[in-house]
Amino acid sequence: WNDLTFEERWWISLADASGAILFFTVFTNTHNPDRKSLMAFDFETRKIAWWRNNFALSCVTPAGVYGMDLGMEKSLVISLATGQNDNDQSVLPVARNFPVEKPLQYYPDSAHFKTVSSVLASKCGMTAVSLIEYLEYQSLILVSFYVQDTGLANFLIVFNAGGDLLLQEKIGDHLKGLGIDTFFVFSGYLFFVRNKSELVSYKI
């Protein structure tokens, strides 16, 4: 790894891996975190295998790469080998062969943001701004969102399928910016970091 560098050294993060293929999320507009793409990098050849513009990764399985086309606001599965749409599949699998479940990101210009924010306003009495992270896991709905306070405050809530509020946590306060992947689910446990210093987990 010591001699592996990319032209973009800051606005890039390792998102997943499958065999010798590494998947990187690349933020293509530093002023707008909604502008991001997915790069597949072949570690053995040290070359970019493919690049998918306006694509937010959800997970990688042997069947393909699952995520959201941000331009079409549509869930897709794309080919591991080429990054192109695979077999016209358009929905995420019911069961994923992947141990870590991470949320999708919705921004204010997304219809999904407007839908989820209206539910948050009616259920929690809070107005979401800037970013919502959303994950459906088994019979639960997990949402991380920001409200305008002194700076930004980040809340994490969990609903059951009936819309009952099971958990509400303030996981960040007096924030100057947004976080990505503020929580994840692994092996039946919810994990997040509270106030940038305390790792918290709940069995779900």
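The values are calculated or read from the model by the stated rules, or taken from the named source; none is laboratory data. All of these numbers come straight from a predicted model, not from anything done at the bench. Neighbour counts are summed over all protein chains in view; Cβ atoms, including those assigned to glycine, are modelled from backbone coordinates with ideal geometry. Only protein heavy atoms, including side chains, enter the accessible area calculation; ligands, DNA and RNA are left aside. Shrake-Rupley method; radii C 1.70, N 1.55, O 1.52, S 1.80 Å.
Of note:
- Ranked from largest to smallest solvent-accessible area, with a 1.4 Å probe on the protein heavy atoms, His112, His174 come out as His174, His112.
- Over all orientations, the range 122-204 has a Cα convex hull whose mean projected area works out to 5.3 square nanometres.
- Using alpha-carbon coordinates, inclination of helix 111-124 to the longest axis of the chain, degrees: 30
- Both radii are taken from the alpha-carbon atoms of the range 95-164; with Rh as the Kirkwood radius, Rg/Rh is 0.98.
- In the complete set of protein chains, residue-level accessible area for Ser201 is approximately 60 Å², probe 1.4 angstrom.
- Accessible carbon and sulfur surface of the range 128-177 relative to its total accessible area, %, 1.4 Å: 48
- A run of the chain free of exposed loop cleavage sites, with trypsin sites (Lys or Arg not before Pro) counted only in DSSP states other than H, G, I, E and B and at most 13 other beta carbons within 10 Å, reaches its longest extent at 47-175.
- Using only alpha carbons, the chain has a radius of gyration to Kirkwood radius ratio (Rg to Rh) of 0.96.
- Exposed-loop-free span, longest in the chain, where GluC sites (Glu not before Pro) count as exposed if DSSP calls them loop and at most 14 other C-beta atoms lie within 10 Å: 74-204
- The residues of the chain expose, per residue, 54 Å² of accessible area to a 1.4 Å probe.
- Fluctuation leader among Leu166, Leu104, Leu57 - the chain, Gaussian network, Cα springs under 10 angstrom: Leu166
- Entries of Lys170/Lys196; Lys102/Lys123; Lys74/Lys102; Lys123/Lys170; Lys74/Lys114; Lys176/Lys196 with Cα pairs more than 19 Å apart: Lys102/Lys123
- With 0.36 nm allotted per residue and the present C-alpha distance subtracted, the Phe191-Asp164 stretch has 7.7 nm of extension available.
- Pairwise FRET efficiency - Asn85 versus Thr28, Cβ, R0 = 30 Å, nearest 0.05: 0.90
- Most mobile of Ser79, Ser130, Ser122 in a GNM of the chain (Cα contacts under 10 Å): Ser122
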